[in-house]
Amino acid sequence: MHDFIFKNNRLLCENVSVEEIARKVGTPVFVYSRKALLDHYRKLEQTFAEIEPLICFSMKSNSNLSLCRLLVQEGAGLDIVSGGELYRAKKIKAPAQKIVYASVGKTPEEIEAGIKAGILFFNVESLPELEMINDVAGRLRKKQRVAVRINPDVEAHTHHYITTAKKQNKFGIDLKTTENIFLNLRRRFKNLDICCIHVHIGSQIERVAPFIQAVKKAVKLIERLNAHGANITHLNIGGGLGIIYKKEQPQTAQEYARAVIPLVKNRGLKLILEPGRFIVGNAGILATKVVYVKDTAVKRFIIVDAAMNDLMRPALYGAYHEIVPAIKRKKMTFRTADVVGPICESGDFLAKDRRLPAFLKQNDVIAVMSAGAYGFSMSSNYNSRRRAAEVLVSGSRFRIIRKRESYSDLVKNEVIGNE
Ligand code: LLP
């Protein structure tokens, strides 16, 4: 997290003090670095430059309009998974021909919206879905490009909730059925141009090997199918690149590119990537304020004003996020504590048994690091908590890119009847 560093004991995002943002905007607040976001995107772009892939930022990791727009302006496409994300993509005028749409449950309405928008690919996850897209395209008198998302039965060695390419997972189509689609069923789908293989094996993957295994399987399949008359022109290898949360040593973009490029180069395939976490994970933090320090006979609880509704990853996956004070002291002693939110569940924690500065007290601001991906985008209103504000820092300036929700926002769609 090179753009979040301590200077004179103050945590800075680029050149702005996180403490200052927290005091001015209030807490909890997500703080993003524009530079980090763009640097991560450019790093991928540069390492893959020789084959010029289409890099579709995975919007589910962070769908904030300002952040997505920055990436789109930089040349990124978008990987979307719902009508809502399509709506967001249209709002920022993302070029439709750079949008790919995955999800096992696209509804007819969502499919229609995607076709009308002119998106590049639907990444199809089942035969009934293929039929549905064919029907909707026919009704609209359009020909739609689709990718078949394969399930290569590869172990990604990551948390089982975010492993997606094992036979038992709901995602993708097995290789046999895929062959049948390309070699026999293709002609039945008159309104479809089935010309891409998509494979996404999971998220927060730290080793290159599983990627290689999956890409090799996909390339072999493409060669076989093309030799038998299919016309596969694109290969989408999904996202999944792991980042450093604690002391992981994930593959670098260079290592990843060095392994992937030789597999696809000179095969006449256009490569598509769908990174989310790699781009935005370490471009954002969650700043929160200490409400109380509660010492019990067995434990210290640092109770903060952010909770599992703001950052669900620790509660859901037992995920580790580093926690640091926004202002350090020269000499610090440490104490073990749980960092917890105010929500009425014991699963509501941001850190467990963590060594934290003993000085932390009411009103101190702390930062939960690496919270840019799957932070705000997975947040909820549980316990009728307003969703947090989001701030974008650029150099020495910052601006609010999403206002904190108001109490009236919480109830705006509810209707009180007379029953
Ligand atoms: N493409 C597809 C088809 C995906 O399903 C995903 C993520 C991505 C791309 C982007 O993956 P990334 O590059 O960000 O790893 N909520 C979990 C992660 C869920 C990932 C879902 N799919 C977490 O907080 O760790």
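No lab work stands behind these numbers, since they all come straight from the coordinates. What you see is a predicted model, and the numbers here were worked out from it, not measured in a lab. All Cβ positions, glycine included, derive from the backbone under ideal geometry; neighbour counts span all protein chains shown.
Placing a label point 7 Å from the Cα of ILE92 along the Cα-to-Cβ line, the residues of region 268-293 whose backbone N sits under 18 Å from it are 273-285. Between LYS331 and GLU109, the simple spin-label model (points 7 angstrom out along Cα→Cβ) gives 6.4 nm.
Values of log10 I(q)/I(0) for region 34-278 across q = 0.07, 0.10, 0.11, 0.17 Å⁻¹ run -0.21, -0.43, -0.53, -1.35, by the Debye formula with one identical scatterer at each alpha carbon and no solvent. Sorting SER203, SER58 from the fewest to the most surrounding beta carbons within 10 angstrom yields SER203, SER58.
Projected label points at GLU131 and GLU255, each 7 Å from Cα along the beta carbon direction, are separated by 4.5 nanometres.
If a spin label sat at a point 7 angstrom from the Cα of LYS35 along the line to its beta carbon, the backbone N atoms of region 1-28 nearer than 20 Å would be those of 1-22.
Using bins of 10 Å that start at zero, the share of Cα-Cα pairs per bin across region 303-350 amounts to 24, 49, 23, 4, in whole %. Only Cα sites of the chain enter the Debye sum here, all with the same form factor; the resulting log10 I(q)/I(0) across q = 0.06, 0.14 1/Å is -0.27, -1.24, listed in q order.
Every helix of 4 or more DSSP H residues in the chain counts as -39500 (n - 2.57), and over all residues that averages to -8000 deg cm²/dmol at 222 nm. Against the main long axis of the alpha-carbon atoms of the chain, helix 208-227 sits at an angle near 20°. If you model region 253-337 as an ellipsoid using its alpha carbon gyration tensor, with each semi-axis the square root of five times an eigenvalue, the axes come out at 42, 15, 12 Å, biggest first. Each 5 Å bin from zero holds the following percent of Cα-Cα pairs in region 99-211: 2, 13, 22, 22, 17, 12, 8, 4, 1.
Residues within the reach of a label modelled at SER380 (point 7 angstrom out along Cα to beta-carbon, backbone nitrogen below 16 Å), restricted to region 283-308, are 307-308. At full extension, TYR407 and LYS24 could sit 135.9 nm farther apart than now, given 0.36 nm per residue minus the alpha carbon distance.
Taking amide H as placed 1.01 Å from N in the peptide plane, the amide H of LEU192 sits under 5 Å from that of GLN144, each at least 5 places away or on another chain. By other beta-carbon atoms within 10 Å, ranking GLU405, GLU85, GLU155 with the fewest at the front produces GLU155, GLU405, GLU85. Cβ crowding within 10 Å ranks TYR245, TYR41, TYR374 as TYR245, TYR41, TYR374, fewest other Cβ atoms first. Applied to region 129-134, the Karplus parametrisation 6.51 cos²θ - 1.76 cosθ + 1.60 on θ = phi - 60° returns per-residue 3J(HN,Hα) values of 5, 4, 5, 4, 5, 4 Hz, with x for Gly and Pro.
Give me Rg over Rh for region 180-312, both radii from the alpha carbons and Rh done the Kirkwood way, two decimal places.
Ratio of gyration radius to Kirkwood radius: 1.20.
With 0.36 nm allotted per residue and the present C-alpha distance subtracted, the LEU183-VAL298 stretch has 34.9 nm of extension available. With the simple model of a label 7 Å out from the Cα in the direction of the Cβ, LYS352 to LYS220 spans 4.0 nm.
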